[in-house]
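Here the structure comes first, spelled out in structure tokens, and everything after it is commentary.
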Amino acid sequence: MKKHIIALTAIATLSVGAAGQASASSVHTVEKGDTLWSISQAENVSVQDLQQWNNLNSTIIFPSQQLKVEEALETYVVVSGDTLSSIAKKHNMTIKQLMTSNQLTSDLIIPGDKLVLEGSNVIQPKVSAATTTSATSNAPTSEAKATASVEKELTMTSTAYTASCVGCSGITATGINLKANPNQKVISVDPNVIPLGSRVWVEGYGEAIAGDTGGSIKGNKIDIFIPSKQAAINWGHKTVKVKILN
């Protein structure tokens, strides 16, 4: 979800917190070459959010189309002396509701934090300086990161494909131009198994986007995009673990 925690040092000196409704929803005007996936990455939201906020039944969008990329939120700026208990009580919420809405793992809040009180967006967890130092010195491996945010794990049959074949447009089902972006990691999926736009981790391939479909890709089968034709041939048929990430 889009990050909303920001430092407001000037407000931190006040004795009373400030609450209010955010301004009208942000809007993105679609340009040629845009896809829901590219917009979701630029705005730090999910493809599913964009579809829900704009009542889209598919991932097809058009140039000049205006898309909501953020929903209005009622927020509260933490000031000196605030506690989660006092903020929750003031706004007729429980501490658990407040923590869930803001993805807080502890009751630690600091002046300047902006907390969501109402709305569908969720703030990303705060990271203090101490936490950042610890995370840097104990950085997990890429597989450990994937495991920490796994929504679902599957064992699937995999093949590989390339965009350099004769007659191939190189444009995926979600609008990703693989010829223009050969380093983009994309897999072709059965949307009934892995929703289009999902972030995934594939054993032996790494983190990718479920951004394409194929007539022969049904059930627990994926097709991995590899820019080199020979490398795609070398991949062959493999049984791999696939993790759908949050």
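Laboratory data are not the source of any read-out in this text; all were calculated from the coordinates shown. Quick caveat: nothing in here was measured; it's all calculated off a predicted structure.
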Counting sequence-distant residues (5 or more places) and residues on other chains, those with an amide H built under 5 Å from that of LEU117 are GLU74, THR75, TYR76
Looking only at lysines whose Cα falls under 29 Å of LYS152's and that sit 8 or more positions away or on another chain, we get LYS2, LYS3, LYS68, LYS96, LYS126, LYS185, LYS218, LYS221, LYS238, LYS241, LYS243
Once amide hydrogens are built 1.01 Å from N within the peptide plane, the residues lying 5 or more places from SER198 or on another chain with amide H under 5 Å from its amide H are ALA210
Under 5 Å from the placed amide H of ALA160, counting only residues 5+ away or on other chains, we find ILE224, GLY236
Whole-Hz Karplus couplings 3J(HN,Hα) for segment 183-190, θ = phi - 60° and coefficients 6.51, -1.76, 1.60, Gly and Pro as x, run 8, 5, 8, 9, 10, 8, 9, 8
Reduced to Cα centres, the span from segment 178-225 to segment 48-62 in Å works out to 20 Å
